[in-house]
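Trainee: Sharing a structure below in structure tokens format, with a few things to ask.
The values are calculated or read from the model by the stated rules, or taken from the named source; none is laboratory data. The shown structure was predicted, so the numbers you read here are calculated from the model rather than taken from an experiment. All Cβ positions, glycine included, derive from the backbone under ideal geometry; neighbour counts span all protein chains shown. Protein only, heavy atoms only, side chains kept; ligands, DNA and RNA dropped before computing areas. Shrake-Rupley method; radii C 1.70, N 1.55, O 1.52, S 1.80 Å.
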Amino acid sequence: MAKDKRSNKWAFLIYKESAPKDYLDVFDEIHVPFILSPWHDKDINRSTGEFKKAHKHGALFFETLKSYTQVSELLQEKLNTPAHIEVVMSPKGMYDYFTHAENPEKTLYNIDDIEAGAGFNLDKFLAEQSSDEFLNEVIDLIDSNDITEFEELIYFARANNYLLLSLIIDKTYFFAKFLDSRRHNPMRKIKQNNEVADDSDSK
């Protein structure tokens, strides 16, 4: 990669045998938001059949563009990482690689072992990467609690699951339209009228 390549998101490797014991403190002292995979200590070298050296995949998220050389030298000096780094092209792809979520033939790693710091919002990041799962959860929440108003959904999510709240805010248009459609669905009104009638008959 050209050494003058610039980006504000850089991916790197850190090896357990050469990393400082207090690597998390060192990352915090750099004051750049970061995220690290679980220790990949069960990866197999397909050529030799042996375990690869334990390592973490990581990424730094700068506020401004940084060159390959700037970031590579910083990581080598502070954390004894390999010189090679790469631009983060897809945070979603990076997340999948962290846990091997999309490669079930490889060793799967625990999402709870992902580490982050220096202001990196890990909960928001994980919610964004699992947005399909969270979308289904919010739709189920709306259905099971018979929610028809956007305000009601916001208050419910804030009280019960703030990660869902972040997703709802991000997908405001979708959920507002979904609630409008739900509120005005003629089949819903028929169902409500039938339930009222059944209640009256039972009294």
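Trainee: All other residues with a Cβ under 14 Å from the Cβ of Gly119 taken together, and with Lys, Arg as +1 and Asp, Glu as -1, what is their net charge?
Mentor: Cβ neighbours under 14 Å give a net charge of -4.
Trainee: Right, next: Taking a probe of 1.4 angstrom, what is the accessible area of Leu13 in Å², to the nearest 10?
Mentor: Leu13 has an accessible surface of roughly 50 Å² with all protein chains in place.
Trainee: Do any of Lys9/Lys53; Lys5/Lys171; Lys53/Lys171 go past 32 Å between their Cα atoms, and which?
Mentor: Distance filter (> 32 Å) returns Lys5/Lys171; Lys53/Lys171.
Trainee: Considering only protein heavy atoms and a 1.4 Å probe, what is the carbon-and-sulfur percentage of the accessible area of region 24-76?
Mentor: C and S atoms contribute 49 percent here.
Trainee: May I pose another question? Could you please put Leu135, Leu179 in sequence from largest to smallest accessible area, using a 1.4 Å probe?
Mentor: Sorted descending by solvent-accessible area, the residues read Leu135, Leu179.
Trainee: How would Arg158, Arg183 line up by accessible area, probe 1.4 Å, largest first?
Mentor: Final ranking, largest accessible area leading: Arg158, Arg183.
Trainee: Using a 1.4 Å probe on the protein heavy atoms only, what accessible surface does Tyr15 show? Give it in Å² to the nearest 10.
Mentor: Rounded to the nearest 10, the figure is 60 Å².
Trainee: Something else now. Which order do you get for His57, His184 if you rank them by accessible area with a 1.4 Å probe, largest at the top?
Mentor: Ranked list, largest accessible area first: His184, His57.
Trainee: Further question: At 1.4 Å probe size, what's the solvent-accessible area of Glu137? Round to the nearest 10 Å².
Mentor: 80
Trainee: Ignoring ligands, DNA and RNA, what accessible area per residue does region 1-112 give at 1.4 Å, in Å²?
Mentor: 59
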